[in-house]
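Structure first, then comments.
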Amino acid sequence: MAKGIQSVKGMNDILPQDTPLWLYLEDTVRRVFEAYGYQQIRLPVLEQTALFQRSIGEATDIVEKEMYTFEDRGGDSLTLRPEGTAGTVRAGMQHGLFHNQIQRLWYMGPMFRRERPQKGRYRQFFQVGVECFGMPGPDIDAELILMTRRLWKALGLEGLTLQLNTLGTAETRVRYREDLIRYFSAHKDALDEDSKRRLHKNPLRILDSKNPAMSALISEAPTFDAYLDDDSTRHFQGLCEILDQAGVAYEVNPRLVRGLDYYSKTVFEWITDQLGAQGTVCGGGRFDGLIEHFGGRPTPAIGFAMGLDRLVELLKDSGKDVLSAPDAYLIAMGDKATKKALVLAEQLRDQLPFLRLVTNCGDGSYKAQFRRADKSGARYAIILGEEELEKVSVSIKDLRDGQQERVAQDEIAAWLKQRLEY
Ligand code: HAM
């Protein structure tokens with residue numbers, strides 16, 4: 001369909017040749033999170049626009065220019081979720097999940113941001129996120145980092161590095177913010193357009209600029225350490241101690257500020273240099289003030305989200321081969337055999353519930369059916385021809401070495417079981 005209706009720019013189809021890798025990634029994530037006692041939460045894709053404006057922040061790129069916002073037929077302003085933290089907080093407050101409780105939650109699904117699409121950056125992308133509530137100490141910060149490290153290991157991903165920073169409390173940031181505005185205002189001529197725009201709205205984001213022309217100015221800017229309150233300093237030291245003991249390598253990056261307004265204290269990112277400009281595969285941090293900001297009781301909270309599109313890209317580059325081919329392909333020749341084949345396939349599935357068996361629906365010569373069997377990647381072709389039908393048997397051909405033997409129909413399951421390690 002060269003000219004017909006196409007998908008929306010930046011919103012990709014994930015085709016059958018790629019889904020095995022996605023399923024493998026999603027299964028591995030689920031297994032690792034469950035092993036740490038995390039429970040899944042499922043949230044709507046649409047929320048009230050105000051939810052994101054008030055949590056992510058009015059002066060952020062996301063809220064300023066990337067949200068898919070529209071008025072629905074009832075006149076409400078709704079937004080396709082650009083991330084999952086705000087929705088998790090909304091759901092937790094609405095259903096009373098936070099009061100005097102500890103929660104370890106995770107979610108998975110599509111998010112929407114109208115960014116400029118490029119490799120690793122899409123307008124519909126997939127995140128897996130984790131949000132924890134009710135735990136104030138650095139132990140849970142460390143657990144999240146250890147859990148992500150375990151996930152990289154389970155996926156066989158190497159070369160990811162961890163960057164850490166602490167943003168202190170909202171109060172300490174006020175003074176820092178003022179001094180940053182003063183510093184950058186004194187060098188206004190050296191600021192690029194983005195930074196000029198951010199100067200009074202969100203000066204901390206200037207520190208995050210990727211523009212090389214800004215790097216000298218940024219490196220001379222006041223750093224946050226001098227402003228940090230004692231409690232945040234202790235918290236950060238506590239986290240670093242646990243990570244040191246657990247042998248997690250990290251780099252403290254005082255310029256790491258993250259692009260959303262709700263953070264306080266710990267922030268972190270896992271980064272790779274293998275994906276070009278979009279190298280952050282996972283980012284998160286504490287948002288101790290967010291629930292109170294929405295009118296709830298003060299509730300410590302921390303979480304992260306990772307970009308599945310980027311992780312799939314990394315898995316592909318690492319040459320990860322995920323088994324998706326069927327075990328066997330059932331070939332049937334002639335009308336009678338075709339009918340019997342489906343019954344036989346059902347019997348085999350009863351006997352071997354995990355058998356990956358494809359039947360040849362749609363007729364075809366032996367040659368055509370063998371071609372389909374080969375194309376499916378199946379290990380074995382099970383052949384039911386007229387002669388086999390008469391002898392209540394099948395022929396089984398090993399499609400790798402071409403060996404073929406006759407097997408009685410009531411022995412197929414045992415024959416396969418022995419060879420397929422079920
Ligand atoms: P974020 O840094 O905006 O944080 O996104 C987290 C991850 O989602 C990024 O590191 C990246 O891997 C992926 N990602 C973001 N935008 C795109 C895009 N346009 N295309 C592909 N992948 C993308 C959050 O969303 C926070 N809610 C994380 C968090 C949870 N903090 C606390 N709890």
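Any residue at all in segment 50-65 that is surrounded by fewer than 13 Cβ atoms within 10 Å (Cβ to Cβ), touching a residue at least 24 places away in the same chain (Cβ under 8 Å) and touching a strand residue (DSSP E or B) at 6+ places or on another chain (Cβ under 7 Å)?
Looking for residues that are surrounded by fewer than 13 Cβ atoms within 10 Å (Cβ to Cβ), touching a residue at least 24 places away in the same chain (Cβ under 8 Å) and touching a strand residue (DSSP E or B) at 6+ places or on another chain (Cβ under 7 Å), one finds none in segment 50-65, hence no.
Test Glu83 against the criterion of being in contact with a strand residue (DSSP E or B) (Cβ under 7 Å, 6 or more places away or on another chain) and either in the same structural domain as Tyr38 (by TED's automatic domain parsing) or within 12 Å of the ligand (Cβ to nearest atom) (or both), and give yes or no.
Criteria met by Glu83.
Quick check on my filter: what residues within segment 396-413 are assigned to a helix (DSSP H, G or I) and within 40 Å of the chain's Cα centre (by Cα)? Show your work before the answer.
In the first step, residues of segment 396-413 are kept if they are assigned to a helix (DSSP H, G or I); the result is 409-413.
Ala413 - this is the single residue of segment 396-413 that is assigned to a helix (DSSP H, G or I) and within 40 Å of the chain's Cα centre (by Cα).
How many residues does segment 320-352 hold that are aliphatic (A, V, I, L, M) and over 38 Å from the mean Cα position of the chain (by Cα)? Explain how you work it out, then say what you get.
Applying the first criterion (aliphatic (A, V, I, L, M)) to segment 320-352 yields 322-323, 325, 328, 330-333, 337, 341-345, 348, 352.
Narrowing further to those that are over 38 Å from the mean Cα position of the chain (by Cα): 331-333, 337, 341-344.
Summing the residues that are aliphatic (A, V, I, L, M) and over 38 Å from the mean Cα position of the chain (by Cα) in segment 320-352 gives 8.
So which residues in segment 297-330 are of a type in the set (A, V, I, L, M, F, W, C), over 30 Å from Ala341 (Cα atoms) and either more than 13 Å from the ligand (Cβ to nearest atom) or assigned to a strand (DSSP E or B) (or both), if there are any at all?
Quick first cut of segment 297-330, residues of a type in the set (A, V, I, L, M, F, W, C) only: 301-302, 304-306, 308, 311-312, 314-315, 322-323, 325, 328, 330.
So of that shortlist, the ones also over 30 Å from Ala341 (Cα atoms) come out as 301-302, 304-306, 308, 311-312, 314-315.
Across segment 297-330, the qualifying residues are Ala301, Ile302, Phe304, Ala305, Met306, Leu315.
Can you find a residue that is assigned by TED's automatic domain parsing to the domain that holds Ala142 and outside any loop (DSSP other than H, G, I, E, B) anywhere in segment 340-347? Talk me through it step by step, then tell me what you get.
Residues of segment 340-347 assigned by TED's automatic domain parsing to the domain that holds Ala142: none.
The answer is no; no qualifying residue exists.
Testing Glu171 on (1) touching a residue at least 24 places away in the same chain (Cβ under 8 Å); (2) more than 12 Å from the ligand (Cβ to nearest atom); (3) over 18 Å from Ser264 (Cα atoms); (4) exposed (fewer than 15 other Cβ atoms within 10 Å of the Cβ), one condition comes back false. Which one is that?
Single failed check for Glu171: (3).
What tally of residues in segment 296-322 results from selecting those that are closer than 27 Å to Arg90 by Cα, surrounded by fewer than 16 Cβ atoms within 10 Å (Cβ to Cβ) and either out of contact with any helix residue (DSSP H, G or I) (no Cβ under 9 Å at 6 or more places or on another chain) or in contact (Cβ under 8 Å) with a residue 60 or more places away in the chain (or both)?
Qualifying residue count, segment 296-322: 2.
Anything in segment 87-99 that is among the hydrophobic types (A, V, I, L, M, F, W, C) and without any contact (Cβ under 8 Å) to a residue 40 or more places away in the chain? List them, or say none.
In the first step, residues of segment 87-99 are kept if they are among the hydrophobic types (A, V, I, L, M, F, W, C); the result is 89, 91, 93, 97-98.
Scanning segment 87-99 gives a single hit, Leu97.
Identify the residue in segment 353-371 that is within 34 Å of the chain's Cα centre (by Cα) and of a type outside the set (Val, Ile, Thr) and, among all such residues, is nearest to Lys339 (Cα to Cα).
Leu357
Please verify whether segment 100-112 includes one or more residues that are part of a loop (DSSP other than H, G, I, E, B), near the ligand (Cβ under 8 Å from one of its atoms), surrounded by 19 or more Cβ atoms within 10 Å (Cβ to Cβ) and assigned by TED's automatic domain parsing to the domain that holds Asp141. It would help to see each step written out before you state the result.
At the first step, the residues of segment 100-112 found to be part of a loop (DSSP other than H, G, I, E, B) are 100-102.
Cutting the leftovers down to near the ligand (Cβ under 8 Å from one of its atoms) gives us none.
Checked segment 100-112: no residue is part of a loop (DSSP other than H, G, I, E, B), near the ligand (Cβ under 8 Å from one of its atoms), surrounded by 19 or more Cβ atoms within 10 Å (Cβ to Cβ) and assigned by TED's automatic domain parsing to the domain that holds Asp141.
Output the qualifying pairs, or none if there are none: Cβ atoms under 6 angstrom, residues six or more apart or on different chains, first residue in segment 251-264 and under 12 Å from Gly57 (Cα atoms), second residue near the ligand (Cβ under 7 Å from one of its atoms).
Listed by first residue and then by second, the contacts come to Tyr262/Phe287; Tyr263/Gly285; Tyr263/Phe287.
Give me the residue from segment 323-364 that is surrounded by fewer than 17 Cβ atoms within 10 Å (Cβ to Cβ) and among the aliphatic types (A, V, I, L, M) and, out of that set, nearest to Glu158 (Cα to Cα).
Looking at the filtered set, the residue picked out is Leu323.
Considering only residues that are in contact (Cβ under 8 Å) with a residue 24 or more places away in the chain and among the basic types (Lys, Arg), which ones fall in segment 361-392?
Arg372, Arg379, listed by residue number.
Give the residues of segment 192-233 that are touching a strand residue (DSSP E or B) at 6+ places or on another chain (Cβ under 8 Å) and surrounded by fewer than 17 Cβ atoms within 10 Å (Cβ to Cβ), sorted by residue number.
Residue satisfying the conditions is Thr233 alone.
I want to confirm something. Restricting to segment 251-288 and keeping residues that are of a type in the set (Gly, Ala, Ser) and part of a strand (DSSP E or B), which single residue is farthest from the ligand (Cβ to nearest atom)? Can you show your working first?
So the first thing to find is which residues in segment 251-288 are of a type in the set (Gly, Ala, Ser), and the list is 259, 264, 276-277, 279, 283-285.
Checking the rest, the ones that are also part of a strand (DSSP E or B) come to 264, 283-285.
Numbers: Ser264: 11, Gly283: 4, Gly284: 4, Gly285: 6 Å.
That would be Ser264.
Are any of the residues in segment 258-266 closer than 28 Å to Leu157 by Cα and surrounded by fewer than 21 Cβ atoms within 10 Å (Cβ to Cβ)?
Checking segment 258-266: at least one residue is closer than 28 Å to Leu157 by Cα and surrounded by fewer than 21 Cβ atoms within 10 Å (Cβ to Cβ).
Let me confirm something: among Gly75, Gly92, Gly129, which residue is more than 10 Å from the ligand (Cβ to nearest atom) and either part of a strand (DSSP E or B) or loosely packed, with under 14 Cβ neighbours inside 10 Å (or both)?
Working: Gly92 fails: either part of a strand (DSSP E or B) or loosely packed, with under 14 Cβ neighbours inside 10 Å (or both); Gly129 fails: more than 10 Å from the ligand (Cβ to nearest atom).
Of Gly75, Gly92, Gly129, the one residue that is more than 10 Å from the ligand (Cβ to nearest atom) and either part of a strand (DSSP E or B) or loosely packed, with under 14 Cβ neighbours inside 10 Å (or both) is Gly75.
Would you check if there is a residue in segment 239-256 being exposed (fewer than 12 other Cβ atoms within 10 Å of the Cβ) and among the basic types (Lys, Arg)?
No: zero hits.
If I go through segment 20-42 residue by residue, how many of them are surrounded by fewer than 16 Cβ atoms within 10 Å (Cβ to Cβ) and either in a loop (DSSP other than H, G, I, E, B) or modelled with pLDDT under 95 (or both)?
4
The values are calculated or read from the model by the stated rules, or taken from the named source; none is laboratory data. Since we're looking at a predicted model, the values are computed, not measured. No Cβ is skipped: glycine too gets one built from the backbone with ideal geometry, and neighbour counts run over all protein chains shown.
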